[in-house]
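Got a structure here, written out as structure tokens. Questions coming.
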Amino acid sequence: MPKALVDCDAFFASCEQAKNPSLKGKMVLVSGPAGSRSVVSSASYAAKKQGVKAGMSPMEAARLCPGAVFLPGDFDLYITYNKAMESKLRSMGLDVEVSSIDEFYVDFVGSYAEAEKSLRLFGGWVEQDLGITVSIGIAPTRTLAKLASEIVKPRGLTVLTPDRLPDSIVHLGVERLLGIGKVTAQYLRSRGVPTLGSLLSAPDKVLSEFGYDRDTIRAVLGGVCDIVDDEADMPPKSVSSRMTLAFDTDEKEDISHHLRFLCDHVSWRLRRECMCAKVMTVTARYDDFSTSTRSRTLPYYVSYAQQMVEFALPLWDAHFKKGSRLRLIGLGLSGLIPASAGVVETPILPGDRAWQDMSKTMDEIRNRYGSKKLFTGSYLMIDSKRRT
């Protein structure tokens, strides 16, 4: 049965152009301003032609695209477009799974011709009614549907039927296969494996280094099975977050606000995974770009921000440079076990039970509406300094 991936083209930038038609055809970058420390999250195709890529610094993007329009991004707008496309696909009677804000998987029970017809109609509706475009891949598996969607962009539709596999994709670069990133692709090319075709005949020793064997590769490229991540359903081994500061600082109060915010954010993610942690790691990057990392094993398992702050602040005070201006700060938790093991220290004092109850209420709001819908006072202190 056919599987399809619908991938929105330069989604954030395209939504901004649809919202403001005067931006059509222009170099649009969804990012912080050119001098900020953010990264480019989306670039229009006019900007991509100049070499801009997602993840690039605004300064580098501005150098490649003089006169580009920088926009801060409008997440509510992007969600609106996402929901409109999901609703349209479901109204067509299709079996849809939202993979991300700009990708949808669609499973079909009919023929490849029927799948192609349905999705051509959908692509036309998206362009006509929403003012953006999508690229679509149809194949026997989700792995190959993803690959197919990237063959022709933007506004592409590629169909890989079982009878054409693997012959129709052997010429493609090895990096096109899901799970093979730039570093792995570079290594494979150095070993004489530049294409998917050469991957089929690669030495067993090379394949085994990445956990594959010849039969698995043949089955994946032949559309018989998907690439399976054996750890996809496993609990996380660690939870971490980091922030690049909007300003270099050596002020203890500023650092405290950032650490408290990170404790709040990481603890929410930890509880969402129903885990608790016993090892804490704090990372600092200074204005000279040197980096320091310190870890400690905690006396008991933690899952709440208030518990983490008690250890994060002393860990910082004891180990990190005094008088050096901070550029980035990170917080990580490891040594995770399921919270159901009952090893998290139980609050005893009324005040402790109050913050535990408050955390649970905040979790309910964030889990339903997203982490950006509710902030602590630490974030407000950080944000107020960004605005001054």
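Would you confirm, using the coordinates I've provided, whether Gly55 is of a type outside the set (Asp, Glu) and either touching a helix residue (DSSP H, G or I) at 6+ places or on another chain (Cβ under 9 Å) or in the same structural domain as Leu147 (by TED's automatic domain parsing) (or both)? Give the derivation first.
Numbers: of a type outside the set (Asp, Glu): yes; either touching a helix residue (DSSP H, G or I) at 6+ places or on another chain (Cβ under 9 Å) or in the same structural domain as Leu147 (by TED's automatic domain parsing) (or both): no.
Against the criterion (of a type outside the set (Asp, Glu) and either touching a helix residue (DSSP H, G or I) at 6+ places or on another chain (Cβ under 9 Å) or in the same structural domain as Leu147 (by TED's automatic domain parsing) (or both)), Gly55 does not qualify.
Output yes when any residue across region 45-58 is within 30 Å of Leu160 (Cα to Cα) and in a strand (DSSP E or B), and no when none is.
No; the residues of region 45-58 include none that is within 30 Å of Leu160 (Cα to Cα) and in a strand (DSSP E or B).
Could you list all residues from region 102-127 that are under 14 Å from Pro2 (Cβ atoms) and surrounded by fewer than 18 Cβ atoms within 10 Å (Cβ to Cβ)?
Across region 102-127, the qualifying residues are Tyr105, Asp107, Val109, Gly110, Ser111, Ala113, Glu114, Lys117, Arg120.
For region 60-82, does any single residue satisfy the condition of being in contact with a Cys (Cβ under 8 Å, 6 or more places away or on another chain) and either aliphatic (A, V, I, L, M) or in a strand (DSSP E or B) (or both)? Write out each step before concluding.
First pass over region 60-82, keeping only residues in contact with a Cys (Cβ under 8 Å, 6 or more places away or on another chain): 74, 77-78, 81.
With the extra rule that they be either aliphatic (A, V, I, L, M) or in a strand (DSSP E or B) (or both), the set shrinks to 77.
Yes, region 60-82 has at least one match.
Separate question: Taking the criterion of being under 22 Å from Lys53 (Cα atoms) and in contact with an Asp or Glu (Cβ under 6 Å, 6 or more places away or on another chain), would at least one residue in region 79-100 satisfy it?
no
The values are calculated or read from the model by the stated rules, or taken from the named source; none is laboratory data. Here the structure is a predicted model, which is why all the values come from computation and not from measurement. With ideal geometry, Cβ positions are generated from the backbone for all residues, glycine too; neighbour counts draw on all protein chains shown.
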